[in-house]
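Derivation of every value follows stated rules applied to the coordinates shown; laboratory data play no part. Remember, predicted model here, so these are calculated numbers, not experimental data. Don't worry about glycine lacking a Cβ; one is built from the backbone with ideal geometry, like all the others, and counts go over all protein chains shown.
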């Protein structure tokens with residue numbers, strides 16, 4: 001069965017934590033129309049404060065995407081991996097894996113915060129959004145409402 005993966009990564013610094021910059025960042029899309037990508041690849045979109053949050057699109061190998069995908073017969077088991085652990089904000093507990101039926105898709109979001117080793121550069125943040133569909137889909141599937149939403153975003157102070 002066909003599996004379609006889109007990874008949207010948004011990164012920013014403390015400069016985009018409040019006011020108009022935060023409003024702009026919070027209004028960024030979390031799903032994009034799909035380009036043609038080879039089997040075994042994922043669509044990767046990066047939006048960075050450094051580039052004015054302009055979407056930069058490409059492809060990456062599925063093994064590079066922070067999700068575990070396992071075919072369980074008539075379902076696809078999806079579990080986002082938490083990487084790296086030292087960048088986690090506090091979270092009460094991880095949700096269980098999602099099991100998708102053909103024709104369903106999940107949007108799974110995780111956020112992270114980091115400081116330089118000596119605290120010199122200040123804080124940086126990123127949000128990973130994984131859009132994963134099971135079965136044949138059209139190019140605009142990730143512009144619609146997902147079957148399942150998992151929001152694992154924690155406070156980033």
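A few remarks follow.
- Dimensions (Å) - the chain, Cα atoms, principal axes, largest first: 49, 32, 25
- Peptides 12-18, 101-107, ordered by how many other C-beta atoms sit within 10 Å of their residues on average, highest first, read 101-107, 12-18.
- Chain lengthening between residue 140 and residue 33 when straightened (0.36 nm per residue, less Cα-Cα): 38.1 nm
- Average Cα contact separation per residue, the chain, under 8 Å, 6 or more apart, as relative contact order %: 30
- Between the range 73-115 and the range 1-41, the alpha-carbon center distance in angstrom: 15
- Rg/Rg_globular for the range 19-61, with Rg_globular taken as 2.2 N^0.38 Å and Rg from C-alpha atoms: 1.37
- Beta bridges assigned by DSSP with both partners in the range 3-151 are antiparallel in approximately 80 percent of cases.
- Kirkwood Rh in Å, taken over all unlike Cα pairs in the range 25-98: 15.0
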